Amino acid sequence: MASLYSQARSISYPEGFTLMSHSDIYKDSVYFHYSPSFKYSVGLEVAKDDYFDDEYSFFRFTYLLNRKNTQNSQSNLYFQSGLDPENFDRHFYGLHGDWETRRWFVGFGYKESFNDFEDFSEKYLQFGIAPYLGKYGDLHTWLMFKTKKNSLGDSWSTYPVIKFFKGDFLIELGYNNKTRTDAHLMYRF
Amino acid sequence: MRLICLILMFMASIIFAEKNHDSHEHHGHTVHQNDVYVDGKKFKLDKERFDEFKKNLRDVQVAIINVQGMVCDFCARGIEKAFLKDTKVKKIDVDLENGKVVIAYSLNKKIEFKEIKEKILMNGQNATDYKLMKI
């Protein structure tokens, strides 16, 4: 099962590398990507899927369809896709977007995934607030709510998420009764 | 449900506290901001920050650039990296709060706004205008 975590910060600054790891009740994965420009990134994700009891990898491609900058905000719309090089029947594509100021964050995403077992879709909405505004280089903190639905499940799952961000490191932790812990680590260089 | 209500109340209290904090600080802040003059014109900058930037800098040209879309450290980091590739850049400071990038260039650098704009656009942000001063 491909997760939605790596939609956040899906493209780095030009010539930037990003290493991400994610762990939740469905899968554990590591995703490494390179951004030749701010418009797109290419990368490889390796996953251990606990839901389908499977292991696989994806070549991933993310493209920035649209960005709008204002003095205090930035909004983005991305196309994302992934293809298993050993099994072309396993692939996914989708859209995700965000609107962000230094104080507020709103994000959304929709993804269709295909595999040998059962196709499924995922969608999410995320809202966040920064309780204080740090300067460049400070520790930044975000308090967020995420609500998501996977078509393999039966209902929306809503839970709080806390995100810490300093320098090149980011850690995001979420917890709910159904999906247990969502942990997302990221290092950019 | 109770947890959601509690968290919403917590977030609302943070917003309220932050608004109050901002309104108390504004008087003090105006003293520090809007008092950097370039060619006789006021330019909104944090004066303490700018003074710190200028410390130990001699015989340089300083470009103060207004940038749109600089909302997080990753944007700032990208801009910093892009400009530091230029050997004529002596120092750079990114002020997220005011949406400014301040760059000290050596005097033999011919500074063109077109080049600055392109570098910032390559990083995904927009430079809207700039001021140049000599120190």
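Bear in mind that the values in this text are calculations on the coordinates, not laboratory data. These figures come from a predicted structure and were not determined experimentally. All Cβ positions, glycine included, derive from the backbone under ideal geometry; neighbour counts span all protein chains shown.
GNM on chain A, alpha-carbon springs under 10 angstrom: the most fluctuating residue among A:Ser35, A:Ser151, A:Ser57 is A:Ser151.
For the residues of B:65-71, the average number of beta carbons from a partner chain within 10 Å of their own beta carbon is 6. A simple charge model with +1 on the Cβ of Lys and Arg, -1 on the Cβ of Asp and Glu and nothing else charged puts the dipole of segment A:31-189 at about 1220 debye relative to its Cα centre.
Each of A:Ile162, B:Ile116, B:Ile65 was scored by other Cβ atoms within 10 Å of its Cβ. Listed from fewest to most, they are A:Ile162, B:Ile116, B:Ile65. Cβ crowding within 10 Å, taken as a proxy for footprinting-reagent exposure, orders B:Ile120, A:Ile25 from fewest neighbours to most as A:Ile25, B:Ile120. Toward the positive end of the charge dipole of chain A, with +1 on the Cβ of Lys and Arg and -1 on the Cβ of Asp and Glu, the farthest Cα among A:Leu65, A:Ile129, A:Phe32 is that of A:Ile129.
B:Lys85: which aspartates and glutamates have alpha carbons under 20 Å from its alpha carbon, excluding same-chain residues fewer than 8 sequence positions away? By straight Cα distance, B:Lys85 reaches A:Glu15, A:Asp168, B:Asp73, B:Asp93, B:Asp95, B:Glu112, B:Glu115, B:Glu118. At what distance in angstrom do the alpha carbon centres of segment B:83-121 and segment A:68-145 lie from each other? That distance is 30 Å. Over all orientations, segment B:36-134 has a Cα convex hull whose mean projected area works out to 5.8 square nanometres. Across all Cα pairs in segment A:15-103, the calculated P(r) in 5 Å bins from zero up to the longest distance comes to 3, 13, 18, 21, 20, 13, 7, 4, 1, 0 percent per bin.
Look at the stretch A:109-118: the mean tally of other chain Cβ atoms within 10 Å of its residues' Cβ atoms is 0. Average projection, convex hull of the Cα set of segment A:50-189: 9.4 square nanometres. Sorted ascending by nearby beta carbons within 10 Å, beginning with the fewest, A:Lys148, B:Lys55, B:Lys88 become B:Lys55, B:Lys88, A:Lys148.
Normalised by the residues of chain A, what does the relative contact order come to in percent, with Cα pairs under 8 Å and at least six apart?
16 percent
Residue by residue along A:131-139, Cβ atoms of other protein chains within 10 Å of the local Cβ number 5 on average. Measuring nothing but how far apart in sequence close Cα pairs (under 8 Å, 6+ apart) lie, relative to its length, segment B:38-109 scores a relative contact order of 37 percent.
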